[in-house]
Amino acid sequence: MQKEDLAIIENVEYDVDTTQILKQPDIRLLEKFLDDGTHENMCITYETHNECEKRRMCIRAYLAKSEHKGKYYTSVRGCKLYILKEQN
């Protein structure tokens, strides 16, 4: 195995406070969007495309574990993350 194939781990923590996961500002915006129910979609703009892709994974995981599973999907275009309501 070559050195560049190894993952670099900066820190490991155990028994962390998982309530902080939901404190991300985009998750709070998503919760408000879902609870409100009056809009068909929303768009969040991030500083970089890479950050947008990372946050998309978090939001997709949140949606998959919520009561809204299968009702919304995400799409990334540049630095913009779209959360769109599935059309029935």
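If you go through the stretch 30-41 and pick out every residue that is open to solvent by 80 Å² or more (accessible area, probe 1.4 Å), in a loop (DSSP other than H, G, I, E, B) and of a type outside the set (D, E, K, R), you end up with 2. None of I44, I27 is among the β-branched types (V, I, T) and either in a helix (DSSP H, G or I) or without any contact (Cβ under 8 Å) to a residue 24 or more places away in the chain (or both) except I27.
Residues that are open to solvent by less than 80 Å² (accessible area, probe 1.4 Å) and touching a strand residue (DSSP E or B) at 6+ places or on another chain (Cβ under 7 Å) within the stretch 7-29 comprise just one, D26. Only residues that are in a helix (DSSP H, G or I) and either surrounded by 13 or more Cβ atoms within 10 Å (Cβ to Cβ) or at positive phi (or both) were counted across the stretch 55-88, and they come to 7.
No other residue among Y46, Y14, Y73 is touching a Leu at 6+ places or on another chain (Cβ under 6 Å) and aromatic (F, W, Y) apart from Y73.
Contact map, the stretch 59-88: residues that are closer than 23 Å to E47 by Cβ paired with residues that are β-branched (V, I, T) and modelled with pLDDT under 95, Cβ distance under 9 Å, separation 6+ or inter-chain. Pairs shown: I59/I27; Y62/I21; Y62/I27; T74/I59; C79/T48; L81/I59; I83/I59. Number of residues in the stretch 47-77 that are among the small types (G, A, S) and at pLDDT 95 or above: the value is 1.
The values are calculated or read from the model by the stated rules, or taken from the named source; none is laboratory data. Please read all numbers here as calculations on a predicted model, not as lab measurements. No Cβ is skipped: glycine too gets one built from the backbone with ideal geometry, and neighbour counts run over all protein chains shown. Side chains are part of the model used for accessible areas, which takes the heavy atoms of the whole protein and leaves out ligands, DNA and RNA. Shrake-Rupley method; radii C 1.70, N 1.55, O 1.52, S 1.80 Å.
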